[in-house]
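*Asks:* Let me begin by handing over the structure; questions about it come next.
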Protein chains: 2
Amino acid sequence: MKNVSKSVEGRLERDPDDGLFDPQVRAAMALFTVGGDTLALEASAAVRAASHAVDRMRARGANSRGLSAGALDILIRLSAVPDDGISIGDLAQSAGVSSRNVTGLVDTLERDGLAQRVPDRRDRRSVLARITPAGLEWMDSFRLPTQVAMSAIFRGFTPAELIQLRHLCLRLVDNQHHLDQHLSRADGGDEAQP
Amino acid sequence: MKNVSKSVEGRLERDPDDGLFDPQVRAAMALFTVGGDTLALEASAAVRAASHAVDRMRARGANSRGLSAGALDILIRLSAVPDDGISIGDLAQSAGVSSRNVTGLVDTLERDGLAQRVPDRRDRRSVLARITPAGLEWMDSFRLPTQVAMSAIFRGFTPAELIQLRHLCLRLVDNQHHLDQHLSRADGGDEAQP
DNA sequence: ACGGGTTAAGGAAGTACGTAATGAAGTAGT
DNA sequence: ACTACTTCATTACGTACTTCCTTAACCCGT
């Protein structure tokens, strides 16, 4: 099919960018960027691809037993919570996804018996999610496969690089969060405004 | 060497890590990691969150007119292709997603009139996707909003950081790809083996 | 008390993505 | 030339995630 191992103009030759960003795609992306640099678009596409890669990889470690990446994330968070549980909304905020989504994930976990809902006595609107003994057991038995999967997909990353990656990603999340608030405030038009 | 900008304890107040990774969650994650460091798990969760953030942000620039992040990616790639089109499979490979997904995205684009399918004369199994004049026009009119959205979500990122982010993400993709091939080869069990 | 505003969770509808299975069309093997 | 394998797109089905909307319950001002 396509050229595989071509080195692009002025970059490191080991970079696996080539598959996703050949010169033609770069040229097309350039039309979408200010100052003619494609970096933002390339970076966002790379983040998307990496997220899918992590999901796929995590699936190999956990999903074979029926847990998806998002559900595992929720389960880990549930295991870190005092015994009376945590509300769906708090869980959603801490995981950075919509509360509706967490509702679905807790559905999944509850169906598998790994978590349960208990009513909140202080606020009858609220539902607390809590990990079950089966959930703790699940965590226990899949600790090792998860470790293996994580270290496999991050093979070759130094601790400093992991920190850097985490930091850059969370800055993105932060930016989006603030932008979201800002745009919601001065809402109305769907045109992006600087 | 553990960290620079913020360690587990002495953090600077501006780092957005805190929402996703409070000490309790870190402690739970630690049980899943070798050597007691939670970096891999934190990084993977951060990548997921960043991907969602980028999707949401891109949606503000493009989705108001009906294009999702994945569809925009495909459209950009289509615009970079010679006039006779590109097969669904090649498109999927270049975008790093499954061909099934590209089928759906091309469905979407075709329904909106931005792309079209044409039969491949050389191989009657194959279907070529091609951008339409309306698609080119769409790209033209949403160049600016997309630029704005991209520069908004990457506000504060230096070019070096964008390159670094892209590089780290693509290494992840690369790792997953190799792992996938490797595991498929020595296939059979779905057990993760150290 | 009681109605208005706010916040919680969940229902409905839609998109994106994946795997597994299907069918059609090339490609070999003999 | 006929069968067997492979490859391509697509259908079918399941999960994840989102936005919009509904209902229940809290909060508060009167």
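Each value in this text was obtained by applying a stated rule to the coordinates, not by laboratory testing. For clarity, every value in this text was computed on a predicted model and none was experimentally measured. With ideal geometry, Cβ positions are generated from the backbone for all residues, glycine too; neighbour counts draw on all protein chains shown.
*Asks:* Would you mind counting up the charge near A:ALA115? Only other residues with Cβ under 11 Å from its Cβ, with Lys and Arg at +1 and Asp and Glu at -1.
*Replies:* Here the charged neighbours net out to +1.
*Asks:* Now a separate question. Under 5 Å between amide hydrogens, which residues at least 5 positions from A:SER87 or on another chain qualify, with H placed 1.01 Å from N in the peptide plane?
*Replies:* Here the answer is A:ALA129, since their amide H atoms fall under 5 Å of that of A:SER87.
*Asks:* In nm, one decimal, shortest first: how far is the label point of B:ASP123 (7 Å from Cα along Cα to beta carbon) from the matching points in the other copies?
*Replies:* Here B:ASP123 shows inter-copy label distances of 5.6 nm.
*Asks:* I'd like the FRET efficiency for A:VAL127 and B:SER68, computed as 1/(1 + (r/R0)^6) with the beta carbon distance as r and R0 of 30 Å, rounded to 0.05.
*Replies:* Efficiency, from the Cβ-Cβ distance: 0.45.
*Asks:* Then there is this: Kindly state, to the nearest 0.05, the FRET efficiency for B:HIS177 paired with A:HIS182, given R0 = 45 Å and r defined as their beta-carbon distance.
*Replies:* Calculated value: 0.75.
*Asks:* Going by how many other beta carbons lie within 10 Å of each one, how would you line up B:ILE74, A:ILE88, fewest first?
*Replies:* Least crowded to most crowded, the residues run A:ILE88, B:ILE74.
*Asks:* Same structure again: Label the stretch A:98-149 by shape, choosing from rounded, prolate and oblate, from the square roots a ≥ b ≥ c of the eigenvalues of the Cα gyration tensor; if a/c is under 1.5 it is rounded, and otherwise prolate applies when a/b is larger than b/c, oblate when it is not.
*Replies:* Prolate shape, in that a/c is at least 1.5 and a/b is the bigger ratio.
*Asks:* Determine ³J(HN,Hα), in whole Hz, for all residues of the stretch A:82-95 in sequence, where each value follows from phi through the Karplus function 6.51 cos²θ - 1.76 cosθ + 1.60 and θ = phi - 60°; x replaces Gly and Pro.
*Replies:* x, 5, 7, x, 9, 6, 4, x, 4, 4, 4, 5, 5, 8
*Asks:* Beyond 13 Å, what share of the Cα-Cα pairs of the stretch B:129-174 is found? Please give it as a whole percent.
*Replies:* 69 percent
*Asks:* Need one number for the stretch A:44-189: average projected area of the convex hull over its C-alpha atoms, nm².
*Replies:* 10.9 nm²
*Asks:* Every other copy gets compared here: list the nm distances from the A:ALA134 label point (7 Å along Cα to Cβ) to its counterparts, shortest first, one decimal.
*Replies:* Nearest to farthest, the other copies are at 5.0 nm.
*Asks:* So which trypsin sites (Lys or Arg not before Pro) in the stretch A:37-122 end up in coil per DSSP with only 15 or fewer other C-beta atoms within 10 Å?
*Replies:* A:ARG121, A:ARG122
*Asks:* Distances in nm, one decimal, shortest first, from B:HIS178 to the same residue in every other copy, taking the label point 7 angstrom along Cα→Cβ.
*Replies:* 3.7
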